[in-house]
Amino acid sequence: MPQVSLTVNGTQHTVEVENRTLLVELLREKIGLTGTHVGCDTSQCGACVVHVDGTSVKSCTMLAVQADGAKVTTIEGLAAADGTLHPMQEMFREHHALQCGFCTPGMVMSAIDLVQSHPEGLTEHQIREGLEGNLCRCTGYHNIVKAIAAAWPLMQGKTMPVAAE
Amino acid sequence: MGHDGIGASVRRKEDLRFLNGRGHYTDDVNRPGQLYAYIRRSDRPHARLGAIDTSAAKASPGVVAVFTGADMQADGVGGLPCGWQIHNKDGSPMAEPPHPVLAVGKVRHVGDPVAVVIAHTRQQAKDAA
C-alpha cells in the first residue's frame, strides 16, 4: 500500500493508504480529524472543503496520494493555540451564520479562500456565487453572506472598497 | 443589536464547538470493534427480484453478515411505518402500502435497498456489496 506524507494543521503525518483512499477519508479515519464532514459523497455539498497548500479543495474529490507532500489545513487548524478564533469563525458566530453546524466547516474554509483570493473586495453577488459549491440546509445563506462580508475587512486589514450589503 | 435583556442578540453556546470542528455527529463516532454497513441498491427502476445469491459476498474478506429482504421477513423485522396516519373523508384509515426495509419480491426504483453487507471496514463492506 502506498505511503503518504503530509502536514495537517502543522503536524507531520506519514500514513499508509489504499490507492483509492480519498483525502477526506485519510483526515477523518486515519488522522481522526472529524471536523471535516462528508455530506453527499458526490462532490456537490462542500461540507468536506479543506485547504491544500492554501487553496480550498473538496477533500472527497482528491485522492489521499495526491496530497503527498502537501500542507493541509482543516477547520480544526484555524483557531490559535490559545483558542482565539480566526476572524471568519468569529464573524460566523457573531452573525448567526450556522444552525446545525454540519456545513459550517466547509463554508468557513471556502469563505476564507474566497476572501483571500479577492483583495480588491467582494460584492454580495460575488460572495453568493463563490459559495455555489457549498450547500446549507438550515440557516439559509443570508447570514453566511453577511458573515463573509464582515470578515473581509478583518482579514484584509482595510475597509471593503466595494459595498457588499 | 445594542439591546439589553429583551430583544438582545444572544450568542449560541453550541456555535464554538461547531466552528472549531468539534461537533460530534453520528458519522464521527468511531468505537473499537465498530462494524460498517453498506447497502446494495437496485440498478433497475422496476423489476422482480429472483433468488439473491449472497455466498460470494459472505465469503468476501472482512464480511461479518449479509442480509436480504427475505432475512428481514424471516426475522420479523417490519417495514417502515408511515409517520402520519390520516383518515379518508368517510372515516376509513388511509391505504398504507408496505415499505419493507429491504426489498421483497420486487424493486420499485433505482436505489431501492436490496441487501445490506456488514463488514469490519467500510471498504470491505462496499467491495462485497
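Laid out as a table, the results:
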{"read-out": "Number of positions in segment B:78-127 that are touching a residue at least 24 places away in the same chain (Cβ under 8 Å) and more than 19 Å from residue B:49 (Cα to Cα)", "value": "9"}
{"read-out": "Subset of segment A:87-146 (residues that are touching a helix residue (DSSP H, G or I) at 6+ places or on another chain (Cβ under 7 Å) and of a type in the set (Lys, Arg))", "value": "A:93, A:128"}
{"read-out": "Index of the failed condition, residue A:29 passing every other in (1) modelled with pLDDT under 95; (2) away from chain B (no Cβ under 11 Å)", "value": "(2)"}
{"read-out": "Residue among B:62, B:76, B:83 that is at positive phi and at pLDDT below 95", "value": "B:76"}
{"read-out": "Members of segment B:1-38 found to be in contact (Cβ under 8 Å) with a residue 40 or more places away in the chain and either within 11 Å of chain A (Cβ to nearest Cβ) or in contact with a Leu (Cβ under 9 Å, 6 or more places away or on another chain) (or both), listed by number", "value": "B:36"}
{"read-out": "Residue in segment B:17-24 that is surrounded by 10 or more Cβ atoms within 10 Å (Cβ to Cβ) and at pLDDT below 90 present", "value": "no"}
{"read-out": "Unique match (being in contact with a strand residue (DSSP E or B) (Cβ under 8 Å, 6 or more places away or on another chain), touching a residue at least 24 places away in the same chain (Cβ under 8 Å) and among the polar types (S, T, N, Q)) among A:55, A:7, A:14", "value": "A:7"}
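Table: residues versus (1) over 13 Å from the mean Cα position of the chain (by Cα); (2) under 23 Å from residue B:16 (Cα atoms); (3) more than 13 Å from chain B (Cβ to nearest Cβ).
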residue	(1), (2), (3)
A:55	no, no, yes
A:61	yes, no, yes
A:67	yes, no, yes
A:71	yes, no, yes
A:75	no, yes, no
A:80	yes, yes, no
A:88	no, yes, no
A:97	yes, yes, no
A:100	yes, yes, no
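The values are calculated or read from the model by the stated rules, or taken from the named source; none is laboratory data. For clarity, every value in this text was computed on a predicted model and none was experimentally measured. Because the Cβ atoms are built from the backbone with ideal geometry, glycine has one as well, and the counts that use them run over all protein chains shown.
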